[in-house]
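J.: My structure is below; once you've seen it, I'll send some questions.
The values are calculated or read from the model by the stated rules, or taken from the named source; none is laboratory data. Computed from a predicted model, the values in this text were never measured in an experiment. Methodologically, a virtual Cβ is constructed for each residue, glycine included, from the backbone with ideal geometry; neighbour enumeration extends over all protein chains shown. Note: areas computed on protein heavy atoms with side chains; ligands, DNA, RNA excluded. Shrake-Rupley method; radii C 1.70, N 1.55, O 1.52, S 1.80 Å.
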Amino acid sequence: MTRLLLASASPARRATLRAAGIEPIVVTSSVDEDAALAAAHERYGSLEPADAVLVLAQAKAHDVAARLPQELADATDLVVLGCDSMLELDGEVLGKPADAADAVQRWRAMRGRSGVLHTGHWLVDLREPDETDAPVAARPGTLGAARGGVLGATSSTTVWFADVTDDEIDAYVATGEPLAVAGAFTVDGLGGPFVERIEGDHHGVVGLSLPLLRTLLADIDVPLPSLWSV
């Protein structure tokens with residue numbers, strides 16, 4: 001049996017996995033996102049938004065994999081999943097708003113327009129290597145691996161926002177929900193009525209692309225149904 005460890009405190013990501021029949025172990029990472037991005041910029045130069053979220057997803061997965069809680073320290077059946085999301089609008093990458101005023105400003109810029117929500121996914125396979133394992137071929141854009149490997153990819157979905165009023169924006173920001181999520185909106189919560197349509201994976205907008213997770217798990221020879229707790 002293989003167990004999935006989610007390196008995120010996001011209730012939406014956990015709920016997405018649970019709805020798909022997967023009960024993850026949850027361990028929150030301690031990654032300083034600004035520092036991780038700064039280090040990546042220094043090493044690689046300017047990053048595309050799809051790469052920036054992958055850098056952060058990778059950092060979170062490796063952070064948790066390196067400091068497992070004591071009860072999991074000797075586990076040999078874990079695959080760690082790190083995720084990160086950002087909204088790309090006018091070439092600018094937006095994470096969580098700094099405060100309520102920032103969230104209001106963002107919504108006034110987003111309303112009646114579209115942006116691209118990028119969600120990076122990174123797997124760290126902590127399962128004990130098996131001598132019979134054969135190397136797994138990598139898909140384009142990923143790092144293939146057998147047990148003990150790492151790999152990742154990004155899901156990108158275009159989101160069209162409603163032309164909401166100032167009063168609607170103020171009311172939404174006052175709930176506090178936009179302050180806790182990338183791009184200052186949700187599609188599965190109070191912000192749902194303000195998202196007119198999406199082009200791409202709905203789950204990726206929530207914060208975790210189930211189709212992409214299935215593909216990444218297949219790359220390390222873990223069928224997604226094998227994680228079902230039902």
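J.: Which residues, taken from region 182-230, are touching a Cys at 6+ places or on another chain (Cβ under 9 Å) and closer than 21 Å to Glu92 by Cα?
T.: Gly207
J.: When residues of region 56-68 are filtered for being in contact with a helix residue (DSSP H, G or I) (Cβ under 6 Å, 6 or more places away or on another chain) and either within 11 Å of Thr119 (Cα to Cα) or surrounded by fewer than 21 Cβ atoms within 10 Å (Cβ to Cβ) (or both), how many remain? Talk me through it step by step, then tell me what you get.
T.: Initial filter on region 56-68 (in contact with a helix residue (DSSP H, G or I) (Cβ under 6 Å, 6 or more places away or on another chain)): 56, 59.
Filter once more, keeping what is either within 11 Å of Thr119 (Cα to Cα) or surrounded by fewer than 21 Cβ atoms within 10 Å (Cβ to Cβ) (or both): 56.
Adding up the residues that qualify gives 1.
J.: Which number in (1) assigned to a loop (DSSP other than H, G, I, E, B); (2) over 23 Å from Arg18 (Cβ atoms); (3) of a type outside the set (Phe, Trp, Tyr) marks the one condition that Asp167 misses?
T.: Exception for Asp167: condition (1).
J.: I would also like to ask the following. Going by what's in this entry, would Leu47 be described as surrounded by 22 or more Cβ atoms within 10 Å (Cβ to Cβ) and more than 15 Å from Asp125 (Cβ to Cβ)?
T.: On the way: surrounded by 22 or more Cβ atoms within 10 Å (Cβ to Cβ): no; more than 15 Å from Asp125 (Cβ to Cβ): yes.
For Leu47, the condition - surrounded by 22 or more Cβ atoms within 10 Å (Cβ to Cβ) and more than 15 Å from Asp125 (Cβ to Cβ) - is not met.
J.: Say we look at region 94-125 and pick out the residues that are among the aliphatic types (A, V, I, L, M) and open to solvent by 50 Å² or more (accessible area, probe 1.4 Å); which of these is nearest to the chain's Cα centre (by Cα)?
T.: Filtering region 94-125 down to residues among the aliphatic types (A, V, I, L, M) leaves 94, 98, 100-101, 103-104, 109-110, 116-117, 123-124.
Checking the rest, the ones that are also open to solvent by 50 Å² or more (accessible area, probe 1.4 Å) come to 98, 101.
Numbers: Ala98: 19, Ala101: 25 Å.
Among them, the one singled out is Ala98.
J.: Taking the condition of being assigned to a helix (DSSP H, G or I) and not small (Gly, Ala, Ser), how many residues in region 177-230 meet it? Give the derivation first.
T.: First, the residues of region 177-230 that are assigned to a helix (DSSP H, G or I): 177-180, 182-184, 192-194, 202-206, 210-219, 224-227.
Within this subset, residues satisfying the condition of being not small (Gly, Ala, Ser) are 177-179, 193-194, 202-203, 205-206, 210-217, 219, 224-225, 227.
Selection size over region 177-230: 21.
J.: Another question, then. Search region 73-93 for residues being buried (at least 17 other Cβ atoms within 10 Å of the Cβ) and of a type in the set (A, V, I, L, M), and hand back the single one that is farthest from Glu33 (Cα to Cα). Spell out how you get there, then give the answer.
T.: First, the residues of region 73-93 that are buried (at least 17 other Cβ atoms within 10 Å of the Cβ): 78-89, 93.
Narrowing further to those that are of a type in the set (A, V, I, L, M): 78-81, 86-87, 89, 93.
Details: Leu78: 24, Val79: 22, Val80: 18, Leu81: 16, Met86: 12, Leu87: 15, Leu89: 20, Val93: 13 Å.
The qualifying residue farthest from Glu33 (Cα to Cα) is Leu78.
J.: Filter region 172-191 down to the residues that are open to solvent by less than 20 Å² (accessible area, probe 1.4 Å) and more than 17 Å from the chain's Cα centre (by Cα), then identify the one that is nearest to Arg13 (Cα to Cα).
T.: Ranking the qualifying residues of region 172-191, first place goes to Gly191.
J.: Name the helices (runs of 4 or more DSSP H) wholly within region 33-139 that hold at least 3 residues that are out of contact with any Cys (no Cβ under 8 Å at 6 or more places or on another chain) and within 29 Å of Thr175 (Cα to Cα)?
T.: Details: elements: 33-44, 49-66, 100-110.
Once the helices (runs of 4 or more DSSP H) in region 33-139 are filtered for at least 3 residues that are out of contact with any Cys (no Cβ under 8 Å at 6 or more places or on another chain) and within 29 Å of Thr175 (Cα to Cα), what remains is 49-66, 100-110.
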